[in-house]
Structures are given as structure tokens and as C-alpha cells.
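Since the structure comes first, as C-alpha cells, the remarks are kept for the end.
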Amino acid sequence: MPYPPPSRIPSGPRRRTLLASAAGAALLAGCSAGADSGDDGPSAGARARARAARDSRGLLARYDAVLAAHPALTDRLRPLRAEVAAHAAAFEDGTKPSPAASKSSASPAPVPAAQKDAVAQLAAAERALADRRAKELLQVPGELARLLASVAAAGAAHAYLLTEVAR
């Protein structure tokens, strides 16, 4: 029994594959170039990092205000507050504090008299900040994006835990 003749499919990559690869390489090369190259001001990454540090410090001030108004919550909130302080330190690591960042920003919102309401307000602040950070991920460079993603995930977990405490 004779074997069938070989098919006429050429070996090697096809023209479409090569064109798609070239287009993909061009896109990657364009994306890897710094958007702020040649700019004398702080880079977008540095500004985002400073903003994230300022936001974490503001959230830390909220925790302090709730703890001052409701000392009975200290055991439950202390671990979360410590993580928020670590997040602020991580964003500030390797950056020079700006004069605006060293001054305390606007005072946190007034703390409700009821513990449940105070914790619910803290949970809402954590959730809002986590959402903002998750949206900002696409606009910052790799390492900062990973840090923002990690801190946003931690903030979402904090919001969940605080919501459970408020029940």
C-alpha cells in the first residue's frame, strides 16, 4: 500500500504570524519607554507613590481618631492600624518627603459616637481607598503597580473585616 503524498503546507512561520509578532514587539517597545523621559519634574510613578503615601497617612489618622474616640476597639483595630502604618512606610520608602506631605493634610472626618457607626465609616474609607488604588494600577510602572495591587487587596480585606466587626 503506497503512502499518501506529503501535504503542501510550508514549514516555518507564516506571514501573518510574522506580522503579528512584529506588531506586538513594536507595541511592547513603545510601552516600555518611560512616559516621563526628558521631563524635569517628578515622574508619574513618584507622584503616584507620594499620593499613595499621603492617602495611607490619612487613613492612619482615621484609625487614630476612631481609637481615640472608642478605646474599647483597640484590640480589634490595632492589627489593622499597624498594617496601614506599614503600607504608608512602604510607599514612603526611598522617597524624599515633600514639604506638603510632611504637613498633616485635612483632618479626618468626625468620628460617630456609636462604635458600630465609627467602624462602618472606617470600613467605607478602606474600601474607597482600595478601589482608587485598584483603578490607578494601569497608570503606574511595574514595581509600584505590584505594591499598589498588594495594598489594595489588603485594604479590601480590611474593609471586609471591619464590616464584620461593625455587625
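Kindly list the residues of the range 130-167 that lie in the label zone of Lys116, defined by a backbone N under 19 Å from the point 7 Å along the Cα-to-C-beta vector.
Only 159-167 pass the distance filter.
How fast does the range 119-167 diffuse by Stokes-Einstein, in µm²/s, taking the Kirkwood radius from C-alpha pairs at 20 °C and 1.002 mPa s?
In µm²/s, the coefficient rounds to 198.
Treating only the Cβ of Lys, Arg, Asp and Glu as charged (+1, +1, -1, -1), what charge dipole size does the range 117-167 show about its Cα centre? Round to the nearest 20 debye.
100 debye
Considering only the other residues whose Cβ falls under 9 Å of the Cβ of Ala156, what net charge follows from Lys and Arg at +1 and Asp and Glu at -1?
-1
Every read-out reported here was derived from the displayed coordinates using simple, explicitly stated rules and does not represent laboratory data. Model, not experiment: these values are computed from the prediction. Please note: Cβ atoms are built from the backbone with ideal geometry, for glycine as well, and neighbour counts cover all protein chains shown.
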